[in-house]
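Q: Dropping a structure here in structure tokens format, bear with me for questions.
The values are calculated or read from the model by the stated rules, or taken from the named source; none is laboratory data. Quick caveat: nothing in here was measured; it's all calculated off a predicted structure. Because the Cβ atoms are built from the backbone with ideal geometry, glycine has one as well, and the counts that use them run over all protein chains shown.
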Amino acid sequence: MPRIRVLEAIAGADFSWAPGDVVEVSEEAAASWADGHRAVLADDDGSGSPAQAADGERIPLVLGEDGQELEVVDAVVEDCDPPDGEDGGLSWSRWSVTVRLPVPPVPDPEEPGDPAEPGDVDDQEAEVETPLFDPSEHSNREVLAYLDGVGEREALRVLDAEAAGQNRAGISKAREQVLETARARDAAAGGRATAADYSRGGGRADAPETRDW
């Protein structure tokens, strides 16, 4: 008896065929069912073969977990034993399908920032201001030690801040000596020293004076 391979679900009063089933039918039934849409004639030897219809290749529709259709690379119908308790004289077969799984997109790595040019690094470092020396946060000895290494401009700033703040005698008495030493230090360095006559009066003058030493 000829056999047909079912392409679409077919059911009747005493039979029910699912897609992929290979069943034996009479020649008259085979000619009726094997129309290329509902079923096709199966191979005579019954071995597994790609599921094809007379009007072209038919492959099963396979959906992924996200409901998207997957690309079927190969689809073969194979004869198999019926499930337990499901014999009924019918022939059973199953699909063996190979699909191509989608490759998830690879996220673009974050582009690293352009390395800073040496000039940019210098500019950034220049923008970082060093905190000014605050004499109120240091002892007499620390203030005098600091003044012993700065120029006249910085010495004036620190001495004026000290006079406006704690005004410790040990520092205020050394004011003239500190300023003279700072002027000499500026002159030795070959730079322009900024002097202020008002410094000798404790900062009571209206404006500083600039001199070349």
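Q: Just to be sure I understand, how many residues within segment 1-43 are aromatic (Phe, Trp, Tyr) and outside any loop (DSSP other than H, G, I, E, B)?
A: The total comes to 2.
Q: Cβ-Cβ distance below 7 Å, separation of 6 or more or different chains: which pairs start in segment 53-72 with a residue that is among the polar types (S, T, N, Q) and modelled with pLDDT of 80 or more and end on one that is exposed (fewer than 10 other Cβ atoms within 10 Å of the Cβ) and part of a strand (DSSP E or B)?
A: none
Q: Turning to a different aspect of this structure: Can you confirm whether residue 203 is modelled with pLDDT under 90, in a helix (DSSP H, G or I), of a type in the set (Gly, Ala, Ser) and within 20 Å of residue 134 (Cα to Cα)?
A: no
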